[in-house]
1. Looking only at region 111-257, where both bridge partners belong to it, what percent of the DSSP beta bridges are antiparallel (to the nearest 5)?
2. How far is it, in nm, from the label point at R112 to the one at D220 when both lie 7 Å from their Cα along the line to the Cβ?
3. Which residue fluctuates most in the GNM of the chain (Cα springs below 10 Å): R117, R316, R181?
4. Can you check what the Kirkwood hydrodynamic radius comes to for region 273-344, Cα pairs only, in Å to one decimal?
5. By how many nm would the segment from V148 to V227 grow when fully extended, if each residue of separation counts as 0.36 nm and the alpha-carbon distance is taken off?
6. Ranking Y233, Y173 by Cβ neighbours within 10 Å, fewest first, what do you get?
Amino acid sequence: MPRIALIPGDGIGTEVVSAARRVLERVGECEGGIDLELVEWDLGADRYLREGITITDEEFHRLSTEHDAALLGALGDPRVPGNEHARDILLGMRFRLDLYVNFRPCALLDPRLSPLRNAPAGMNIEIFRENTEGSYVGMGGRFKADTVDEVAVEEDVNTYKGVERIVRSAFEYATSHGRPRVTLVDKANAMRNSGRLWRRVFAEVGAGFPDVEQDAMYVDAMAMDLVRRPERYSVVVTSNLFGDIVSDLAAELTGGLGLAPSANIHPGRYALFEPVHGSAPDIAGTGQANPLGTIRCVSLLLEHFGFDAAAGRVDRAVRDSVNEGQTTPDLGGSLSTADVGAWVADRMSANAGAAS
Ligand code: NAD
Ligand code: IPM
Ligand code: MN
């Protein structure tokens, strides 16, 4: 039985995970044979401020060895301006567990949810963000800190191994899911060292996938083009930092941050699921947070464990919620976070009943 760690975290993270938990619990009731053990973890800003501890080594070890996957809400709190706890817990899991694929699918469920005039029906962009290297590794340092002579260096680390495995994952996904094109997004005109490595590896790996169209775009032009011609993008592969930025943009174009799920995966080893959004301090505690991104993470999680029918059932209930306007205010509805969780769970039962 898969054992899932639930890490609600901070701000709206706690609210969206609580709504997603209702859906996870309902999955077992709707679908015979699926038993998930859910273990809640108290990690986040409150704990850090209370005890001065982000996560201990022993906890980290248990989190990774005693669970098959984790579902995280969000980490980030204005009371922790240095973001130490998010670095230790979230980036800690990505780096220490070597979760090198950050898979961020952005699928438009209804053209009216997009701010684009020309949003194509069925717009669907899957971002493969490198998740263990780039500008996130923390190499570098500060010299003459806090003086007018301060020098701050943030190294951008790219290895053959790291680039190869994320590019290969993107091509393999395109092939197995019948996606027409893989686009490499980089800044090879200015960042020439990393650019040469990414372009060489992209060409080398791409040669093994002759049926998949392949092209490369500079990230500035791609950001513009994504707004101008969203229909020409399918699978996108890019570095850690560019992937972070492009995924918020793609999420907004396909219905907003509240709808976008993501998975941090080391295939065959461990997976951490989390919505693309953060802890949204501006709406925390108001009940306005959209839980559908986190609920879509539940679907990715189920698919990850091979429970495809159950994942489909979650997706269908999410679609119904959007189509029937049973949503939070960001999508035009008037339900609260908890109401949407309950609505989706009930719709899953209703759909299961109708099918049997
Ligand atoms: P954010 O994603 O939290 O919020 C950006 C905007 O989107 C806000 O206006 C917010 O209200 C809105 N929004 C986000 N999620 C929403 C939802 N589910 N429903 C409706 N509206 C939603 O980004 P931010 O404000 O830059 O970051 C806040 C904190 O979260 C920071 O500390 C940041 O570091 C952290 N963060 C954490 C994660 C994570 O844990 N995975 C991801 C991103 C940001
Ligand atoms: C995300 C977040 C994180 C990132 C932050 C919280 C470190 O923005 O998951 O997209 O930059 O990866
Ligand atoms: Mn981000």
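Where a number appears in this text, it was derived from the coordinates with a stated rule and is not lab data. Just so it is clear, the structure is predicted and the values come from calculations on it, not from any experiment. Every residue, glycine among them, receives a Cβ derived from its backbone with ideal geometry; neighbour counts consider all protein chains shown.
1. On the way: 5 of 19 bridges.
Here the share of antiparallel DSSP bridges comes out near 25 percent.
2. 3.9 nm
3. R117
4. Working: mean 1/r = 0.0794 Å⁻¹.
Kirkwood hydrodynamic radius for region 273-344: 12.6 Å.
5. Details: separation 79, 0.36 × 79 = 28.44 nm, distance 3.99 nm.
Length difference between fully extended and current span is 24.5 nm.
6. On the way: Y233 24, Y173 20.
Ascending Cβ contact count within 10 Å gives the list Y173, Y233.
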